[in-house]
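Colleague: Structure in structure tokens, see below.
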Amino acid sequence: MITPGTPAYARGAAILAAGGLVAFPTETVYGLGGNAGDDAAVAAIFAAKGRPSFNPLIVHVLDEAAAEPLVHLDDRARQLMELYWPGPLTLVLPRRTDAPLSLLVSAGMDSVAVRSPAHPVARALLAASGLPVAAPSANRSGHVSPTTPLHVAEEFPDGGGARLQLILAGGKAEIGLESTVLDLTGPTARLLRPGSVTREELETVLGRVELAGEADGIKAPGMMTSHYAPGLPVRLDADSVGETEALLAFGPDQFLRGGAMRLNLSQRGDMAEAAANLFAMLRALDRPGLSGIAVMPVPEKGLGVAINDRLRRAAAPRG
Ligand code: TXA
Ligand code: MG
């Protein structure tokens, strides 16, 4: 783990060019990056994560110009890029037949998810490498996403099968929830994964935005239930906490007595603060010896929609 500076970016770029993996911070969560044009590097990402290979990956680019050779951009895509890039909005777009990308990043589909991260460390790495970088969240499949460089190191104690050669540190991920994923391959935009760019915001730009249903599972494998599961069972909408349970609170929690351990997403009920804390607190409460994690209700509005989406997945029956 090293704190970035020019030599670190040059080293990261060299590792990517040679087919190795580099973990890096984004404004949402930490990513496990590999050269998106290199089949072996993309396969190494799947292997390191232990991820089912039908899950397509997000390709990270510096800007719209860098996305141009990869996907077909329509007016909707350009408008959204103008408004939200760089930032936490991923767009699924038709893949160019001559896109210099591994077929594996699309998991056999004719679309590619592209995103331009805002975090300066991610941008410096992309600029230094000049490559499109495939990067899922830097956790083992099924675990909660990492929001600090230490989480990443904990996820891959063996260096991800020796391919993970560098973890660029860039503090705590500011947003703490993965990007919003919007499918623009059809005539009506479809929200595949809720995030901090909300459906309401997108609808003010695009008109109607459909919600992806469960039937679209394969189009949005990141929507799979139990995708964000801690080891302990998770109980939602808790208005009490058992003696051997951990409590994940939201808002004032002094009236809720008990619990073996407790953390508060946001004492003052601030959604952005809660989102930023969510994955780190789920990790911290996931202790052996406890019987489960009880989670207080989070209002289903604004960022709360994305927070509740992740919480429901954490609580879903394990697949
Ligand atoms: O915030 C983020 O997006 C983070 C950081 C590292 O950028 N990345 C991330 O990647 O969350 P990952 O692989 O954990 O999630 C990718 C999501 C999944 O829901 C996946 O199914 C969807 O994007 N996705 C990727 N390519 C797709 C495609 N071609 N069609 C439909 N969905 C796609
Ligand atoms: Mg993930």
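What follows is calculated from the coordinates using simple rules that are stated; it is not laboratory data. Since the structure is predicted, the reported quantities are computational estimates derived from the model, not experimental observations. Note that each Cβ is placed from the backbone with ideal geometry, even for glycine, and that neighbours are counted across all protein chains shown.
Colleague: Please find the FRET efficiency linking LEU150 to THR188, where r is the Cβ-Cβ separation and R0 is fixed at 35 Å, and quote it to the nearest 0.05. Spell out each step's value before the answer.
Modeller: On the way: r = 41 Å, r/R0 = 1.18.
Calculated transfer efficiency: 0.25.
Colleague: Separate question: Residue separation times 0.36 nm, minus the C-alpha to C-alpha distance between ALA284 and THR244: what's the value?
Modeller: Values: separation 40, 0.36 × 40 = 14.40 nm, distance 1.52 nm.
Result: 12.9 nm gained on full extension.
Colleague: What is the helix-to-structure angle for 6-17, meaning the angle in degrees between its Cα long axis and the longest Cα principal axis of the chain, kept from 0 to 90 and rounded to the nearest 10?
Modeller: Helix 6-17 sits roughly 70 degrees off the main axis of the chain.
Colleague: Can you list residues whose amide H is under 5 Å from ALA260's amide H, if they're 5+ apart or on another chain and H is modeled 1.01 Å from N?
Modeller: Those qualifying (amide H under 5 Å, at least 5 residues apart or on another chain) are GLU245, ALA246, LEU247.
Colleague: Now for a different question. Using +1 on the beta carbon of Lys and Arg, -1 on that of Asp and Glu, and nothing else charged, what's the dipole of the stretch 93-193 about the Cα centre, debye to 20? Intermediate results must be reported in sequence, preceding the final value.
Modeller: Values: 9 positive and 8 negative charges, 37 e Å.
For this selection, approximately 180 debye.
Colleague: List, in order, the whole-Hz ³J(HN,Hα) value for each residue of the stretch 298-303 obtained from phi through the Karplus relation with A = 6.51, B = -1.76, C = 1.60 and θ = phi - 60°; use x for Gly and Pro.
Modeller: So the Karplus estimates, Gly and Pro as x, are 10, x, 7, 9, x, 4 Hz.
Colleague: Kindly express, to the nearest 10 degrees and within the range 0 to 90, the angle between helix 271-285's C-alpha long axis and the longest C-alpha principal axis of the chain.
Modeller: On a 0 to 90 degree scale, this one is about 80.
Colleague: Points 7 angstrom from Cα along the Cβ direction at ALA10 and ASP158: gap in nanometres?
Modeller: If labels sit at ALA10 and ASP158, their model points lie 3.4 nm apart.
Colleague: A further question follows. Give me the extension gain from ASP98 to GLN79: residue separation times 0.36 nm, minus the current Cα-Cα distance, reported in nm with one decimal. If you can, show how the numbers build up before the last one.
Modeller: Numbers: separation 19, 0.36 × 19 = 6.84 nm, distance 2.39 nm.
Gain on stretching ASP98 to GLN79: 4.4 nm.
Colleague: Classify the stretch 128-200 as rounded, prolate or oblate, taking a ≥ b ≥ c as the square roots of the eigenvalues of its Cα gyration tensor: rounded when a/c is under 1.5, otherwise prolate if a/b is larger than b/c and oblate if not. Don't skip to the end; give the middle numbers.
Modeller: Numbers: a/c = 2.18, a/b = 1.80, b/c = 1.21.
The shape class here is prolate.
Colleague: Also, I was wondering about something else. For LEU256 and LEU206 in the same chain, what is the full-extension length gain: residue separation times 0.36 nm, less their Cα-Cα distance, in nm? Don't jump to the answer; show the numbers that get you there.
Modeller: Details: separation 50, 0.36 × 50 = 18.00 nm, distance 4.28 nm.
Gain in length upon complete extension: 13.7 nm.
Colleague: May I ask which residue of ALA246, ILE45, ALA122 lies farthest towards the positive end of the charge dipole of the chain, with charges of +1 (Lys, Arg) and -1 (Asp, Glu) on Cβ and the Cα centre as origin?
Modeller: Highest projection toward the positive end goes to ALA246.
Colleague: For LYS172, project a label point 7 Å along Cα to C-beta. Then give me every residue of the stretch 109-145 with its amide nitrogen under 20 Å of that point.
Modeller: 118-122, 138-139, 144-145
Colleague: Ok, one more. For GLU174, what residues show an amide H to amide H distance below 5 Å, using hydrogens built from the backbone and excluding near sequence neighbours?
Modeller: Long-range HN contacts for GLU174: none found.
Colleague: How high is the relative contact order of the stretch 234-315, in percent, with contacts defined as C-alpha pairs under 8 Å that are six or more residues apart? All intermediate terms of the calculation are to be shown ahead of the outcome.
Modeller: Working: 146 pairs, mean separation 31.9, N = 82.
For the stretch 234-315, the relative contact order is 39 percent.
Colleague: Helix 304-315: angle to the longest alpha-carbon principal axis of the chain, degrees 0 to 90, nearest 10?
Modeller: Orientation of helix 304-315: about 80 degrees from the principal axis.
Colleague: For GLY87, what is the net charge nearby, where nearby means another residue's Cβ is under 9 Å from its Cβ and Lys, Arg count +1, Asp, Glu -1? If you can, show how the numbers build up before the last one.
Modeller: Values: positive: ARG115; negative: GLU27.
Once positives and negatives cancel, what remains is 0.
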